[in-house]
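Worksheet: one structure, shown below.
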Amino acid sequence: EGNCISAIRDRKAIPVLVDQFTISDFIDVWALSKERTVAFWTQPVFRKPAGISFDKKGYLYVAESGKGGRVLKFEPLRDGQGLAHAVATPWVETTYGFTSIAADDNGRLFLTTQDADGRFILANGSVCMREADNSWMMVDFGPFAEFSNVAITPSGDVMAVGEYRTAGVSWYDTERQMEIGTIDSVKGIRHLAIMPDGTTLGSLIREDKSWSVVEIDPIGKEIWEWVGGLTEIGGLFVDPKSGEVFVSLAAEGKIMRIRRLNESSQAKENKLKLL
């Protein structure tokens, strides 16, 4: 409801960050421009938050999808007060917004962006990565690309991202900065998640408008359905420690937990190391 961040407690959504939080006015000089002023960076309201992620130190990252979307890094909450820092991002114009964000245990950020200007039927999209030393690299870019969320392993050594238009999914080795696997037949792909054993899961929208959660195998180039016949899926999340899978059902306002039927089939080593 509205532009806020909520926690799920006792089966209820409890707002924990709402408008009028505080954003530090310490902004990197290179991030300032005629349009991107200090006031632009520090406006204490959310601009359509689209993705969140925590790092191992407890910092919360929020990616905004609206025009002029920012990446905000929130200090761990104390006494219900929210203090944020704006993360300066290169290449991303004011017309762009962020569509997903993921933080790994090494201090790196992974983001997808989309042109939010609204003037074009098919807009530009990109996939970016920020190293722990604040250097940036462009992982992927397309003049008419629409990327899914970024999915990473807990250590951040492998990243996966899908692209709606081409119905493709790609896996990247983030250490060597190279593509290590692709599959081009994942029709209807929308979201991705990676389990602790390297299993890649995705959500698909079918031709009959129903949704499914599937397993995507980059080695055998196969897709297996875990559960189908769902209403609109808003996102997938995997607990990096327990491996539990959570599916948000956007139209119903519910979160569903799913798991393997055969837990013994879980790999002892990371499947993605075979790529």
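The values are calculated or read from the model by the stated rules, or taken from the named source; none is laboratory data. Since this is a predicted model, take the numbers as computed values, not measurements. Neighbour counts run over all protein chains shown; Cβ positions are idealised from the backbone, glycine included. The protein model used for the area step is the full one, side chains on, heavy atoms only, and it has no ligands, DNA or RNA in it. Shrake-Rupley method; radii C 1.70, N 1.55, O 1.52, S 1.80 Å.
Of the strands (runs of 3 or more DSSP E) lying entirely inside the range 214-266, the ones with 1 or more residues being modelled with pLDDT under 95 and more than 23 Å from SER53 (Cα to Cα) are found at 222-230. Every condition in (1) in a loop (DSSP other than H, G, I, E, B); (2) under 29 Å from PHE141 (Cβ atoms); (3) out of contact with any Leu (no Cβ under 8 Å at 6 or more places or on another chain) holds for THR89 except the one numbered (3). Taken as a whole, the condition of being among the aromatic types (Phe, Trp, Tyr), surrounded by fewer than 18 Cβ atoms within 10 Å (Cβ to Cβ) and within 23 Å of GLN114 (Cα to Cα) applies to PHE141. Consider THR166 carefully, then state whether it is of a type in the set (S, T, N, Q) and assigned to a strand (DSSP E or B). Taking the combined requirement at face value, the residue does not satisfy it.
Residue pairs whose Cβ atoms lie under 6 Å apart, sitting 6 or more positions apart in sequence or on different chains, and linking a residue in the range 11-28 that is in contact (Cβ under 8 Å) with a residue 24 or more places away in the chain and open to solvent by less than 70 Å² (accessible area, probe 1.4 Å) to a partner that is of a type in the set (Phe, Trp, Tyr) and not in a strand (DSSP E or B), are ILE27/TRP41.
If the condition is being within 19 Å of ALA84 (Cβ to Cβ), assigned to a loop (DSSP other than H, G, I, E, B) and either touching a Leu at 6+ places or on another chain (Cβ under 7 Å) or free of Cβ contacts under 8 Å to residues at least 24 places away in the same chain (or both), then the range 29-43 contributes LEU32, THR37, GLN43. Please verify whether the range 217-235 includes one or more residues that are in contact (Cβ under 8 Å) with a residue 60 or more places away in the chain and under 14 Å from GLY162 (Cα atoms). There is at least one residue in the range 217-235 that is in contact (Cβ under 8 Å) with a residue 60 or more places away in the chain and under 14 Å from GLY162 (Cα atoms).
Of all residues in the range 60-84, those that are under 22 Å from GLN114 (Cβ atoms) and of a type in the set (Gly, Ala, Ser) have Cβ atoms under 7 Å from Cβ atoms of residues that are modelled with pLDDT under 80 and open to solvent by 10 Å² or more (accessible area, probe 1.4 Å), 6 or more apart or on another chain, in SER65/ALA116; GLY66/ALA116; GLY68/THR94; GLY69/TYR96; GLY69/ALA116.
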